[in-house]
Amino acid sequence: MAASLLSDDALAAYWGDSPRFTVDTVREQSESLFRAFGLSAEEAAIATRPLIAADSRGIESHGVARLRSYAEGFVDGRIKADVPLTVDRETPVSVAFNANDGSGLIQGQRAMTRVIEKAQEIGLCMATVRESTHFGIAGYYAMMASQAGLVGVSMTNTGALAAPTFGAKAMLGSNPIAISLPATDNTPEFVLDMSTSTAAYGKIEVAQRAKKSIPQGWAIDKEGVPTTDPFAFGAFLPLGGDRETSGHKGYGLGLLVDLLCGPLAGASASHQISAAYYAGERFRIGHYFAAWRIDAFRDPADFAADVASLFETLRATPVSPTAQSDRVLIPGEPESAQEAYNARHGLPVRPAVINDVRALCEEWKVPFLLG
């Protein structure tokens, strides 16, 4: 029988001997750099929240490892500090926002906060955001809703990273979809946070830093040939891989995200985001958010009872002899367990990321706190 993926030993083993720091230390380090990049103290605190959430939940590709990419955006003017989130149009159940090239980390939270307020008032709300930038992990925004007692949905498009089915060139982004349902007394918070490509580009960066190969079936090189070399990366395959392993389904999901976050939002599509990046132009990324009250559909207590019954049934499923876990898990459980472990033992930060943060601190004349 495989060991539990949620045990302390398993949660610690993933990080090896990476140094650990208190959440307050990592937060203070990130906020100080964001202030140096030009954000006010208030906006720096807001921008730091999704990074802390990512590192806390073990999604290291979107935590403090992202600070350099944000620094580059502020330096070249493609991410603007202290700009408002404005409304292009609004109905009782929808809002079309304009981020005005502000940080997606900030504007995304502002947009979802408004979505939550409208959903709590009327029952449901949907929103798009245009003219935005990278907003971190999609799951953070869906969880904003679930932690307010609502069902939450979050999507964003990104620069082109995935080849469409039958294609040999990246045309769609990792284009993540996140959906979250609130926890109850008997059930954990359900958090589905997934890219619609085989992986997110942060996983390539992690593999490059570790000088490790990537799994077979993840990617193709620049000639369209399958590769396990992260340094030869040309494009991800869509979720599912090639046509024979149902990659066309991942392609369809990725295109759906691009349609909602691009044309519907009035933002760029993934391939246009990439073209703008290399041309030194504005990112023009788009987001899509939604939230709704459970009592708009049925009694919350009855819903919670049915969810608890379903989760219990799934957990009782016999485990495959080749499984890497001792039981069936509910989406979000591994990340929640990692978050609880890290809250007790400190946030792990890879040595390569620490070195990069140290260099950033030297460049921006900010005290280095991860020493």
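Here, each number is a calculation from the coordinates, and none is a lab measurement. Keep in mind that what you see is a predicted model, and the values were worked out from it rather than measured. Positions of Cβ are generated from backbone atoms using ideal geometry, with glycine treated the same way; all protein chains shown enter the neighbour counts.
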Take the cross-link list Lys169/Lys249; Lys203/Lys249; Lys80/Lys222; Lys222/Lys249 and give me the ones stretching past 25 Å between alpha-carbons. Lys80/Lys222
Anyone know which of Leu260, Leu310, Leu51 comes out most mobile in the 10 Å Cα GNM of the chain? Leu310
For the chain, what does -39500 (n - 2.57) per DSSP helix run (n ≥ 4), summed and divided by total residues, give at 222 nm, in deg cm²/dmol to the nearest 500? -13000 deg cm²/dmol
Among Ala41, Ala65, Ala160, determine the one that fluctuates most according to a GNM of the chain built with springs between C-alpha atoms less than 10 Å apart. Ala41
Among GluC sites (Glu not before Pro) in the range 185-289, those in a DSSP loop whose Cβ has at most 12 other Cβ atoms within 10 Å are Glu223
So which residue, out of Lys249, Lys211, Lys203, gets the largest mean-square fluctuation from a GNM of the chain using Cα contacts under 10 Å as springs? Lys211
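Going through the DSSP H helices of the chain, which span 15 Å or more along their own axis at the Cα atoms while scoring at least -0.5 as a mean Kyte-Doolittle hydropathy? Kindly include the intermediate steps, with their values, before the conclusion.
Details: long enough: 23-37 (21 Å, -0.38); 41-56 (22 Å, 0.34); 104-122 (26 Å, -0.26); 247-261 (21 Å, 0.81); 300-315 (22 Å, 0.41); 333-345 (18 Å, -1.81); 351-364 (20 Å, 0.13).
Correct list, ordered by number: 23-37, 41-56, 104-122, 247-261, 300-315, 351-364.
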How big is the range 24-148 along each principal axis, measuring the range of its Cα positions in Å and listing the largest first? 40, 30, 22
Cross-link candidates for Lys365: which aspartates and glutamates have Cα within less than 19 Å, leaving aside residues fewer than 8 places away along the same chain? Glu28, Glu31, Glu72, Asp76, Asp356
Between rounded, prolate and oblate, where does the chain land on the alpha carbon gyration tensor, with a ≥ b ≥ c its root eigenvalues, rounded for a/c under 1.5, else prolate if a/b exceeds b/c? rounded
Mind listing which chymotrypsin sites (Phe, Trp or Tyr not before Pro) in the range 213-319 are in a DSSP loop and have 13 or fewer other Cβ atoms within 10 Å? Phe297
